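Asker: This is the structure, below, for whatever I ask next.
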Amino acid sequence: MANLKLTNVAKTYGGTVDVLKNIDLDIEQGELIVFVGPSGCGKSTLLRMIAGLESITGGTLEIDGQVVNDVPPAQRGIAMVFQSYALYPHMTVRDNMSFALKLAKKSPEEIDAAVAKASRILQLEPYLDRLPKALSGGQRQRVAIGRSIVREPKVFLFDEPLSNLDAALRVATRIEIAQLKESMPDRTMIYVTHDQVEAMTLATRIVVLANKGIAQVGTPLELYERPENEFVAQFIGSPAMNLLPGEIVETGEETVIRLNSGGMARSAVPTQTADKGLKVNVGVRPEDMVEATGDALFEGVVDYTEALGEVTILYFEKTGDADQFLAKLPGIHNEMRGRTVRMTADPSKVQVFANGKSLYYR
Ligand SMILES: Nc1ncnc2c1ncn2[C@@H]1O[C@H](COP(=O)(O)OP(=O)(O)O)[C@@H](O)[C@H]1O
Ligand SMILES: [Mg+2]
């Protein structure tokens with residue numbers, strides 16, 4: 001139960017404003033899909049279309065092989081948890097969790113069993129007789145999740161459920177959501193977030209939304225290690241991937257790129273996809289940079305350092321109109337400020353993009 005298939009799905013507001021178009025996506029039962037993307041790119045809109053809270057203006061949404069474009073929300077077998085918990089303030093935790101089942105005319109025994117099960121999974125048993133105001137933010141969010149669990153939906157939708165929590169609670173609740181998913185392996189979940197750590201740690205697959213469409217779908221590691229395009233390359237990972245313009249000068253076992261800044265980059269991108277003379281952007285992650293002994297991919301003066309404890313971020317002096325180059329080294333390295341440093345990266349970690357698209361996918 002609960003495969004979702006989106007085919008050429010589109011959303012237009014008022015007949016004129018395109019928000020999303022050409023969305024093709026297959027979601028298998030039991031997956032935890034995370035939608036990420038810049039603010040305003042349509043994450044909530046897409047989730048609300050799946051829930052049935054927003055009309056689908058083009059294409060089809062299928063749940064288990066049935067087109068549900070015109071099926072009302074309550075009949076889709078979907079539960080949605082919002083950023084604002086929307087609990088009834090005058091009702092206890094137990095009553096908040098029971099409410100939908102009472103409306104559905106379930107028997108008291110069924111309701112008690114469902115609430116007992118959900119409160120055990122969510123560790124809410126000690127709080128069942130409290131009012132929402134006597135709970136922490138994290139506990140309230142768990143009640144909101146509990147309210148959706150009792151209905152035993154096939155699909156759970158979460159729209160930035162942790163963004164109102166402070167940092168420590170966010171981490172704790174994130175782990176609870178991961179455990180919740182493990183306790184319900186056959187349920188499908190779609191989770192919207194702008195938090196990279198949530199996306200990387202929770203997702204079976206991440207959908208990156210940008211420019212009204214899907215920029216890439218893949219496992220967290222696929223997106224991190226082999227981004228399909230420059231947008232995903234710079235959106236996933238923090239600080240963002242460095243991009244340096246250059247030209248392919250050698251193909252063979254490795255692809256060699258002469259960078260406009262004077263450096264040389266070596267990439268393991270397959271040779272048959274790389275043409276001599278092709279203008280490219282080389283992408284390297286700050287955390288993949290190491291001090292060069294041979295050819296340097298980048299050479300510059302360290303303008304500023306940020307020691308974060310386990311790592312130090314080096315900010316290099318800007319040259320010309322290039323973006324500022326960053327490197328992330330293990331340990332504390334404030335002594336490197338003001339020094340001229342030569343950096344390189346392992347060829348397997350060097351991405352090559354032509355016209356914004358990765359040569360790895362050519
Ligand atoms: N009811 C609406 N009418 C017109 N435009 C809307 C409406 N709801 C959202 N939008 C627009 O759709 C775009 C996507 O919004 P949203 O899905 O909330 O983005 P996200 O959740 O990714 O931040 C935004 O540009 C927003 O202004
Ligand atoms: Mg949103």
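Asker: For segment 191-287, which trypsin sites (Lys or Arg not before Pro) are in a loop by DSSP, counting at most 15 other Cβ atoms within 10 Å?
Answerer: Passing both the DSSP loop test and the Cβ count: LYS212, LYS276.
Asker: Would you kindly derive the ³J(HN,Hα) couplings of segment 29-39 from the backbone phi angles with the Karplus curve 6.51 cos²θ - 1.76 cosθ + 1.60 (θ = phi - 60°), listing them in order in whole Hz, with x for Gly and Pro?
Answerer: Going residue by residue, I get 3, x, 6, 10, 8, 10, 9, 10, x, x, 4 Hz, with x marking Gly and Pro.
Asker: Got a sec? How would HIS333, HIS90 order by Cβ neighbour count within 10 Å, fewest to most?
Answerer: In increasing order of surrounding Cβ atoms, one gets HIS90, HIS333.
Asker: Can you bin segment 35-114 into rounded, prolate or oblate? Criterion: square roots of the alpha carbon gyration tensor eigenvalues sorted a ≥ b ≥ c, rounded for a/c under 1.5, prolate for a/b above b/c, oblate for the rest.
Answerer: oblate
Asker: So which trypsin sites (Lys or Arg not before Pro) in segment 305-346 pass both tests, a DSSP loop state and at most 13 other Cβ atoms within 10 Å of the Cβ?
Answerer: Passing sites in segment 305-346 are LYS318, ARG339.
Asker: Mind checking which of ILE27, THR60, THR344 is farthest towards the positive end of the chain's charge dipole, using Cβ charges of +1 (Lys, Arg) and -1 (Asp, Glu) about the Cα centre?
Answerer: My answer, from the dipole projection, is THR60.
Asker: Still on this structure: Would you please give the residues with an amide H less than 5 Å from that of ASN229, counting only those at least 5 places away or on a separate chain, with H modeled from the backbone geometry?
Answerer: Residues meeting the amide H criterion: SER358.
Asker: Among GLN123, VAL150, VAL81, flag the residue with its Cα farthest along the positive direction of the charge dipole of the chain, charges on Cβ as +1 for Lys/Arg and -1 for Asp/Glu.
Answerer: VAL150
Asker: How many angstrom lie between the Cα centre of segment 62-93 and the Cα centre of segment 205-258?
Answerer: So the two Cα centres are separated by 35 Å.
Asker: Any idea what diffusion coefficient segment 240-361 gets from Stokes-Einstein, in µm²/s, Kirkwood Rh on alpha carbon pairs, 37 °C, 0.692 mPa s?
Answerer: Reported coefficient: 226 µm²/s.
Asker: For n ≥ 4 DSSP H runs only, could you compute -39500 (n - 2.57) per run for the chain, divide by its residues and tell me the 222 nm figure to the nearest 500?
Answerer: Helices in the chain give a 222 nm mean residue ellipticity of -7000 deg cm²/dmol.
Asker: Could you give P(r) for the chain, binned at 10 Å from zero, as whole percent values over all Cα-Cα pairs?
Answerer: All Cα pairs considered, the percentages come to 5, 21, 25, 21, 16, 9, 3, 0.
Asker: Continuing with this model, one more query. If you line up the Cα atoms of segment 298-352 on their principal axes, what length do they span on each, largest first, in Å?
Answerer: Projected onto its principal axes, the Cα set of segment 298-352 covers 31, 28, 16 Å.
Asker: Determine, at each q value in 0.09, 0.19 (inverse angstroms), the log₁₀ of I(q)/I(0) that the Debye formula gives when each Cα of segment 152-282 is one equal point scatterer.
Answerer: So the normalised log intensities work out to -0.40, -1.08.
Asker: Which length gain, in nm to one decimal place, applies between LEU169 and PHE99 when the Cα-Cα distance is subtracted from 0.36 nm times their residue separation?
Answerer: Extending this stretch completely gives an extra 22.5 nm.
Asker: A further question follows. Starting from a Cα-only point model with no solvent, please compute log10 I(q)/I(0) by Debye for segment 223-308 at q = 0.10, 0.15, 0.26 1/Å.
Answerer: The computed values of log10 I(q)/I(0) come out as -0.27, -0.61, -1.45.
Every number here is computed from the coordinates shown, using simple stated rules; none is lab data. Every value quoted in this text rests on a predicted model; they were computed, and no experiment measured them. Ideal geometry is used to build each Cβ from the backbone, glycine not excepted, and the neighbour counts take in all protein chains shown.
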